[in-house]
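Have a look at the structure below before the remarks.
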Amino acid sequence: MHNSSHNARVVPGRASQTVLSIVFYQHYNSRCLMPHHRYKLSDLPYAYNALVPTISEEIMRLHHDKHHLAYVNGANAALDKLQKARETGFAGVDVKAIERDLAFHGSGHTMHSTFWPNMKPNGGGKPGGKIADQINTDFGKFDSFKEQFSTAAKQVEGSGWSILAYEPWTQQLITLQAEKHNDLTVQGVVPLLVLDVWEHAYYLQYRNDRAAYVDAWWNVVNWDDVEKRLEKARR
Ligand code: MN
């Protein structure tokens, strides 16, 4: 079972076809069977300028290549620290701080990995199929859902997200706000549609008018992707 790529490191920014961009680099060290995971930044599923005029090319380049990459690197750095502590001892290691870093950067990576394919050029409109049925069942009608999701996005305090999520055990859709990435969540939900309302996601183009960004963002929603996530969550 020994894997020769013992010291293989993820090279950020490389093209990857993995859907969730989470790559398991499993290897086994000489002393024990210890899976070793690292995260990887996937390319955008479209060109940097594909969402113009809703989201500018400049924002997409900075957002993906700088901000998302920083989350990937931060999560991997936290994993490195934990691995080192396992190998050399936990004395003097601030595990609480490392876990906080891992939660923050790991959640940032997960959310951005959902956010990019949640959008597409010439997206928007109303969803069809199963996601439309579920939205109608749980929110009454699409416009009610849209207003609820948009209002959550406009009102989330500080930097954060608006989230449409599926709660498997109640088999229903709910909307959530996330402050930063990791607060105000309901453990166990599956994010289906997420909207990044950190200032880096819109400030260059929309300045302080978050509401204008939220309203325009519906033009690039990829409902096919959202439905795919719902079907996967239901399994
Ligand atoms: Mn972001």
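Things worth noting here:
- Condition met for Tyr213 (within 16 Å of Asn118 (Cβ to Cβ), within 11 Å of the ligand (Cβ to nearest atom), modelled with pLDDT of 90 or more and among the aromatic types (Phe, Trp, Tyr)): no
- Among the residues making up the stretch 94-113, those that are touching a Leu at 6+ places or on another chain (Cβ under 9 Å) and more than 16 Å from the ligand (Cβ to nearest atom) are Val95, Ile98, Glu99, Leu102.
For every residue, the table says whether it meets (1) touching an Asp or Glu at 6+ places or on another chain (Cβ under 8 Å); (2) under 25 Å from Pro121 (Cα atoms); (3) surrounded by 16 or more Cβ atoms within 10 Å (Cβ to Cβ); (4) assigned by TED's automatic domain parsing to the domain that holds Met111.
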site: Leu44; (1), (2), (3), (4): no, yes, yes, yes
site: Pro53; (1), (2), (3), (4): no, yes, no, yes
site: Glu58; (1), (2), (3), (4): no, yes, no, yes
site: His64; (1), (2), (3), (4): no, yes, yes, yes
site: Ala70; (1), (2), (3), (4): no, no, no, yes
site: Asn76; (1), (2), (3), (4): no, no, yes, yes
site: Leu79; (1), (2), (3), (4): no, no, yes, yes
site: Gln83; (1), (2), (3), (4): no, no, no, yes
site: Thr88; (1), (2), (3), (4): no, no, no, yes
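- Residues considered: Gly140, Gly160. Of these, the only one that is in contact with a strand residue (DSSP E or B) (Cβ under 9 Å, 6 or more places away or on another chain) and either in contact (Cβ under 8 Å) with a residue 40 or more places away in the chain or not assigned by TED's automatic domain parsing to the domain that holds Asp65 (or both) is Gly160.
- Pick from the stretch 107-148, criterion within 21 Å of Asp209 (Cα to Cα) and surrounded by fewer than 22 Cβ atoms within 10 Å (Cβ to Cβ), ranking: nearest to the chain's Cα centre (by Cα): Phe115
- The set of residues from the stretch 67-93 being under 15 Å from the mean Cα position of the chain (by Cα) and either within 14 Å of the ligand (Cβ to nearest atom) or aliphatic (A, V, I, L, M) (or both) comprises His67, His68, Leu69, Ala70, Tyr71, Val72, Gly74, Ala75.
The values are calculated or read from the model by the stated rules, or taken from the named source; none is laboratory data. Model, not experiment: these values are computed from the prediction. Note: ideal-geometry Cβ built from the backbone for every residue, glycine included; neighbour counts use all protein chains shown.
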